[in-house]
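Scroll down for the structure; my scribbles are underneath it.
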Amino acid sequence: MRDMLSQLLVEAAAADDRFIVLSGDHGYALFDGLRAGYGSQFVNVGVAEQNMIGVAAGLAKVGFRPCVYGLAAFVPIRVLEQIKLDLCHAKAPVILLGDGAGLVYSTLGVSHQCGEDVACLRPLPAIAIYSPCDKFELQACWAEARRADHPSYIRIGKADRPTVHDAAIADTEPQWTNRRDAHNHERLIVAAGSMTSISTAIARTHGVPCLSVPRIKPLPPSLMAAVQSHRQTIVVEEHARAGGLFSALAEELASAESLSGRPHLAHLGLSGQFTSTAGSHEHALSEHGLDDAAVNRSLTAWITARPGQMS
Amino acid sequence: MTPQCHRPGAVFDPKDLRRHILRMAFHGQSVHVACAFSLVEICSVLYSQFLRFDPMNAVSPDRDFLILSKGHGVMALYACFREIGWLTDSDLDAYFRNGTHLRGLCEADVPGCEVTSGSLGHGLPIATGIAFGLRRLGIDRRVYCIVGDGEMNEGPMWESLLFAAHQKLANLTVIVDANRYQAMGRTEEVLGLEPLPAKFEAFGFATKECDGHDPKALARCLSDLLANGSRPGALVARTTKGHGVSFMEDDNRWHYTRLTEHDYSRALKELS
């Protein structure tokens, strides 16, 4: 996967002189090709990650298409507020590459490990989140992020896992990695990133369908459909339970109609968008359907709805 | 583009700007009056003599950039926008009304505001990125960034200074609104910053220092910095929080206090 990443950077630099890669003194050999061929489009900004995100935002403001590289422990974790304000609020088309996500830096210890990056980014408006499992998924995620008019985060986990797909894939929709050979259709394995190859291998052994999920946000509706058409699903990811792919699916599932026709668990809260205007606290709440009148309407509807009426 | 105003007489008179600020603060019952007052002359000089902008279009593609990193002074920007015509008196009177667009800190979606700041330490890194990008493009547009002395507590500010100096961003001018106060007390008592000009020098900036309420001194220093070859510029503007209204000057309560009708008319009287 790292060779593919290196190649994608070189191709982007060749195709677009507005493409520029910023690194916070990380990456070493990953950038050999880029530096050799397009050295001026690589900038080591030093060990100063917060400034790096601001610089990327400023570059985007004058027409560049920056790609910011860091270890996931630092990009996005260390610079979360810069991502929220400088990139997400400005809808800056910046690609964030979080390398070594999960426990890749096992020997270096906790400072370089990262099992919470997806959880930290998911609530932020405007950002897309990808977790490719191999070079083909990386290629598809990269192509989508390059076309986007908003920030994207690509989570790069353990890069030397076996390649899962046989050939390039068309998009970042969930990909079946075991379906044809599956005979046990009661159960479904959903996997992301570094956990996909092992999950697929085991799924094949047991004849269980397996779905790889390269794009975590926005969560693909087809993933929900697949989960709902199986009696049991397990999510496998190198990420904490809170806030990762499991959490994203659990939230969607809780909101969807249960077998009884009523959601078991419903949510009334902030919309996931930034507030867009000034005004009183009640006014700000109204942008999210949380002002007293709206809460009254929603709760009353929830309390009085007959089974099957409310989603 | 040369600096211009679409209305004859819109000269960014500091007294007018302070009246606009008071008008907004009173109608919106906003805090941060003193934070805006300390950078009025800085904004006045920049808009009247240095910034190239299109009075008909706050986001014209060949404008110079003014980045207010110290978002707490945003009412001074709004006051300039009112002088230019990007905002109207009705906008000022509607400050903080439900559904309006002017917030109490700088937000990127207000044309002219450029960045979301107020969480401190964000504007300067973005300004640095803009300057870096413009330099790469070979475009002669300048970036001015107003920061607070209290804001210099923030780590990313110093990261940015290192980067700007290392990259020799001569198209960047940092102006410190050094009003000697931050939210909870005297800047020197909270987290000592001085000697600030020497620190900028040591970081590789061409540095000037002046009375931040003296338009001639500000203009002279800014001109000198522009003439300075290859280094980014820094101007430490020595200001007074609340400057312009006697009972607000150097009184940190006006970081937080809302205007009563009585104080509003007293303040206006001093500015008439």
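The values are calculated or read from the model by the stated rules, or taken from the named source; none is laboratory data. Everything numeric in this text was worked out from a predicted model, so none of it was measured. Heads up, the Cβs are rebuilt from the backbone with ideal geometry, glycines too, and the neighbour counts pull from every protein chain shown.
Scanning segment A:72-125 for residues being in contact (Cβ under 8 Å) with a residue 12 or more places away in the chain, assigned to a loop (DSSP other than H, G, I, E, B) and either touching a helix residue (DSSP H, G or I) at 6+ places or on another chain (Cβ under 8 Å) or not polar (S, T, N, Q) (or both) gives a total of 25.
So which of A:Asp149, A:Asp160 ends up being over 22 Å from A:Gly115 (Cα atoms) and either surrounded by 18 or more Cβ atoms within 10 Å (Cβ to Cβ) or acidic (Asp, Glu) (or both)? Every option except A:Asp149 fails the conditions. Only strands (runs of 3 or more DSSP E) whose full extent lies in segment B:155-238 are considered here, and the ones with at least 1 residues that are surrounded by 17 or more Cβ atoms within 10 Å (Cβ to Cβ) and either within 14 Å of chain A (Cβ to nearest Cβ) or in contact with a Ser or Thr (Cβ under 6 Å, 6 or more places away or on another chain) (or both) are B:172-178, B:233-238. Taking the criterion of being over 17 Å from B:Lys70 (Cα atoms) and either under 17 Å from the mean Cα position of the chain (by Cα) or assigned to a loop (DSSP other than H, G, I, E, B) (or both), the residues of segment B:86-110 that qualify are B:Trp86, B:Leu87, B:Thr88, B:Ala94, B:Tyr95, B:Phe96, B:Arg97, B:Asn98, B:Gly99, B:Thr100, B:His101. The residue list A:His89, A:His112 contains one member that is under 21 Å from A:Tyr28 (Cβ atoms) and either in the same structural domain as A:Ala192 (by TED's automatic domain parsing) or not aromatic (Phe, Trp, Tyr) (or both), which is A:His112.
Yes or no, residue by residue, for (1) surrounded by fewer than 19 Cβ atoms within 10 Å (Cβ to Cβ); (2) in contact (Cβ under 8 Å) with a residue 12 or more places away in the chain:
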{"site": "B:Gln49", "(1), (2)": "yes, yes"}
{"site": "B:Phe65", "(1), (2)": "no, yes"}
{"site": "B:Lys70", "(1), (2)": "no, yes"}
{"site": "B:Trp86", "(1), (2)": "no, yes"}
{"site": "B:Asn98", "(1), (2)": "yes, no"}
{"site": "B:Val110", "(1), (2)": "no, no"}
{"site": "B:Ser117", "(1), (2)": "no, yes"}
{"site": "B:Leu120", "(1), (2)": "no, yes"}
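Conditions: (1) within 14 Å of another protein chain (Cβ to nearest Cβ); (2) out of contact with any Leu (no Cβ under 8 Å at 6 or more places or on another chain); (3) surrounded by 12 or more Cβ atoms within 10 Å (Cβ to Cβ). A:Gln273 meets all but one. Number of the miss? Just one mismatch for A:Gln273, condition (3).
Taking helices (runs of 4 or more DSSP H) that fall entirely within segment A:147-262, which contain at least 1 residues that are outside the structural domain of A:Leu121 (by TED's automatic domain parsing) and in contact (Cβ under 8 Å) with a residue 60 or more places away in the chain?
Values: elements: A:196-206, A:221-228, A:245-255.
Output list reads A:196-206, A:245-255.
Taking the criterion of being within 18 Å of the chain's Cα centre (by Cα) and in a helix (DSSP H, G or I), the residues of segment B:111-154 that qualify are B:Gly123, B:Leu124, B:Pro125, B:Ile126, B:Ala127, B:Thr128, B:Ile130, B:Ala131, B:Gly150, B:Glu151, B:Met152, B:Asn153.
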